[in-house]
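Trainee: Below is one structure. I have some questions about it.
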Amino acid sequence: MPPNDSPAAIERTLERARSGDSRAWSALVEQFESLVYSIPRRMGLSSDDASDVFQSTFLALYRHLDRIDNPATLPKWLSVTASRECLRLIRTSAKTTQLPEKEGWTLDELIADEDASAEEISLIAVRRLEVSQALLQINERCRNLLMLLYSEEGKEYREIADELSMPIGAIGPTRARCLEKLRSALQKAKFFDRD
Amino acid sequence: MNMKKACEQYCEGIADLASGLSNAGAEIHVAECADCFALLGHLRQTIEVLGVAEFHAPIDVVRRAQGLMPSRQPILARLAASTLQAAGVRAAQSAEAFQLRFESGDLSIRMMYDREPDGWTILGRLSEVGWEVLGPLEPIEVAKDGSFQFKVSDLADSAIDLLRGETIIHIPSPLEDGNAAASDH
C-alpha cells in the first residue's frame, strides 16, 4: 500500500516523531527519501555528495521538527533545504563564493540569487513528487507504460512492447488512456491549479 | 474539464501532440476547441514532469538518517487470558468470535475479535486513559471510556501499538507468538 501522503497523515507522523517515536521518524525518512536524494543527483553531484546532502537535510529536519507548523509544506521545506545544501556544497567545492558572471554582485544580490535557485530547484522536486504520488493512484500496467515512455531514458515502442508483452499497435491507444488517468489523478490533487 | 463527445475521437491524437509527435487532425481540432487546448497543456506538463529523473538513496544512507532518532523498543504485552477453546493458531483462524486479554504493568487490554464476511471487526478496551492506539495502517480513535474499534481483512494484520509518552506497548495479533494457544479462562 502506498504511504498515506495526505497532510493529515503527515501531521500525525510528524506529531509522533516530535514525541520521540523513532518508527514515525523512520517512516518520514522513507517517505521522502527519493524527494531529497534526487535533488543533488539531478544537479550532477556525486553519490557521495548526494549522501552528504541527504544526511544534512534530514539532520536539519530532526533538529527543527517543532518548526514544521503546516504539514503540507514539509515536501517544500525538505526540498528547499536540500537545494540550499547542494548550492552550498557546489560553492564550497569550487572554492569560490561567486561565478564569473556574478562578479560585482552585492552580498544581498548573491543571497537573493541563491534563494531563487533553491526555490526553482525545489519547485521541480515537489512537482515530481506529486506526479509520483499520482502514479500510485493508477493501475500498475499504466504506471509502467508511462514510465517507460516518458522517463528520462525513454524507450522505443518495440522495447516497450516486449517488456510489457503488449502488441506495438496497442501502445498508442493505451498511452492515451493512461495519460488521461494520470491527468485526472493530478487534477484531483490540484496539480494544475498552481499555474 | 469534461470532454465533449466530439472531442473523444481526438484523445489519441492529443496524446500524440503532447508526446511531441505530429497529428494533423488533432492539431486542427485543438486550435478550435478550448477544452482540448487546455487538455493538451495539462498533458504536456504531466509528460515534462514525468521526464524528470527520480533517484533512490542507497539503503545504508537511508538507515543512517533513520538512526538520527534513537529507537525506543516496544514492550510486548503479556497474554493474560483467552476464550479460545482449542490450542494453536488454527483455533483463532477458524473461530467465529473470541476474546483475548493482555496485560502490561498496571494496564489491562481486552480485545474482542468478531469474524465478518469480509474480515474481522476488533473491539478493544483499555483499563487506563491517555493511551494513543496505532492500528495496522493509521491511528485508531479511542473513546473516553478507553474503547476502540477497527477492521482488518486478515487476522494476521490485527497487531496494534499503544503509545503514551515515552512508552510503546505492542499488542500482537492472535496469530503471533502462539497467542492462540493460550488456555481458556
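Trainee: Across the range A:63-73, what is the number of residues that are under 17 Å from A:Arg84 (Cα atoms) and part of a helix (DSSP H, G or I)?
Mentor: Selection size over the range A:63-73: 2.
Residue by residue, here is whether (1) surrounded by fewer than 19 Cβ atoms within 10 Å (Cβ to Cβ); (2) of a type in the set (A, V, I, L, M); (3) under 19 Å from the mean Cα position of the chain (by Cα) holds:
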| residue | (1), (2), (3) |
| --- | --- |
| A:Ser117 | yes, no, yes |
| A:Ile124 | yes, yes, yes |
| A:Val131 | no, yes, yes |
| A:Ala134 | no, yes, yes |
| A:Gln137 | yes, no, yes |
| A:Leu145 | no, yes, no |
| A:Glu159 | yes, no, no |
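Trainee: Could you go through the range A:90-113 and let me know if any residue there is among the hydrophobic types (A, V, I, L, M, F, W, C) and modelled with pLDDT of 85 or more.
Mentor: No, every residue in the range A:90-113 fails to be among the hydrophobic types (A, V, I, L, M, F, W, C) and modelled with pLDDT of 85 or more.
Residue-by-condition table, conditions (1) touching a strand residue (DSSP E or B) at 6+ places or on another chain (Cβ under 6 Å); (2) surrounded by 19 or more Cβ atoms within 10 Å (Cβ to Cβ); (3) in a strand (DSSP E or B):
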| position | (1), (2), (3) |
| --- | --- |
| B:Val133 | yes, yes, yes |
| B:Val142 | yes, yes, no |
| B:Asp145 | no, no, no |
| B:Ala156 | no, no, no |
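Trainee: Do we have A:Ala50 as part of a helix (DSSP H, G or I), facing another protein chain (nearest Cβ under 9 Å) and closer than 20 Å to B:Ile140 by Cβ here?
Mentor: No: the conditions fail for A:Ala50.
Trainee: Could you list, ordered by first residue, the pairs with Cβ atoms under 7 Å in which the first is in the range A:147-162 and within 13 Å of chain B (Cβ to nearest Cβ) and the second is part of a loop (DSSP other than H, G, I, E, B) and basic (Lys, Arg), at least 6 apart or interchain?
Mentor: Taking only residues 6 or more apart or on different chains, the pairs are A:Leu148/A:Lys155.
Trainee: Can you tell me how many residues in the range B:112-126 are crowded, with 18+ Cβ neighbours inside 10 Å and over 20 Å from the mean Cα position of the chain (by Cα)?
Mentor: Result for the range B:112-126: 1.
Trainee: Looking only at the range A:136-184, count how many residues are more than 17 Å from B:Val52 (Cβ to Cβ) and assigned to a helix (DSSP H, G or I).
Mentor: 27
Trainee: Shifting gears a bit: So for the range A:20-40 (the condition being surrounded by fewer than 18 Cβ atoms within 10 Å (Cβ to Cβ), more than 10 Å from chain B (Cβ to nearest Cβ) and in a helix (DSSP H, G or I)), does at least one residue qualify?
Mentor: No - not one qualifying residue is present in the range A:20-40.
Trainee: Separate question: With the condition kept exactly as written, say whether any residue in the range B:60-68 is within 20 Å of B:His170 (Cβ to Cβ), surrounded by 12 or more Cβ atoms within 10 Å (Cβ to Cβ) and not β-branched (Val, Ile, Thr).
Mentor: Yes; the residues of the range B:60-68 include at least one that is within 20 Å of B:His170 (Cβ to Cβ), surrounded by 12 or more Cβ atoms within 10 Å (Cβ to Cβ) and not β-branched (Val, Ile, Thr).
Trainee: Kindly evaluate B:Ala81 against the criterion of being at pLDDT below 90, part of a strand (DSSP E or B) and in contact with a strand residue (DSSP E or B) (Cβ under 7 Å, 6 or more places away or on another chain).
Mentor: When the stated conditions are applied, B:Ala81 passes them.
Trainee: Give me the pairs, please: first residue somewhere in the range B:45-65 and within 7 Å of another protein chain (Cβ to nearest Cβ) and assigned to a loop (DSSP other than H, G, I, E, B), second residue anywhere and of a type in the set (Asp, Glu) and loosely packed, with under 14 Cβ neighbours inside 10 Å, beta-carbon distance under 7 Å, and either six or more positions apart or on two chains.
Mentor: Here the result reads B:Gly51/A:Glu152; B:Ala53/A:Glu152, each pair linking the range B:45-65 to a residue that is of a type in the set (Asp, Glu) and loosely packed, with under 14 Cβ neighbours inside 10 Å.
Trainee: Of the residues A:Leu89, A:Leu74, A:Leu61, which is touching a residue at least 60 places away in the same chain (Cβ under 8 Å), surrounded by 17 or more Cβ atoms within 10 Å (Cβ to Cβ) and of a type in the set (A, V, I, L, M, F, W, C)?
Mentor: Exactly one of A:Leu89, A:Leu74, A:Leu61 is touching a residue at least 60 places away in the same chain (Cβ under 8 Å), surrounded by 17 or more Cβ atoms within 10 Å (Cβ to Cβ) and of a type in the set (A, V, I, L, M, F, W, C), namely A:Leu74.
Trainee: Another question, if that's okay. Condition check: touching a residue at least 60 places away in the same chain (Cβ under 8 Å) and either in a helix (DSSP H, G or I) or more than 20 Å from A:Thr92 (Cβ to Cβ) (or both). Does A:Ala17 satisfy that?
Mentor: In short, no.
Trainee: For the range A:10-19: of the residues being within 9 Å of another protein chain (Cβ to nearest Cβ) and buried (at least 20 other Cβ atoms within 10 Å of the Cβ), which is modelled with the highest pLDDT?
Mentor: Result: A:Ala17.
Trainee: Right, here's the next one. Name the single residue that is surrounded by the most Cβ atoms within 10 Å (Cβ to Cβ) among those in the range A:185-195 being more than 9 Å from chain B (Cβ to nearest Cβ) and part of a helix (DSSP H, G or I).
Mentor: A:Ala185
Trainee: While we're looking at this one, here's another question. I'm trying to understand the selection: among the residues of the range B:107-144, which are of a type in the set (D, E, K, R), closer than 20 Å to B:Ala156 by Cα and in contact (Cβ under 8 Å) with a residue 12 or more places away in the chain?
Mentor: B:Arg110, B:Asp114, B:Arg115, B:Glu116, B:Asp118, B:Arg125
Trainee: Is it the case, given these coordinates, that A:Met166 is facing another protein chain (nearest Cβ under 8 Å) and more than 20 Å from B:Ile14 (Cβ to Cβ)?
Mentor: Answer is no for this residue.
The values are calculated or read from the model by the stated rules, or taken from the named source; none is laboratory data. Here the structure is a predicted model, which means the values were calculated and not measured. Every residue, glycine among them, receives a Cβ derived from its backbone with ideal geometry; neighbour counts consider all protein chains shown.
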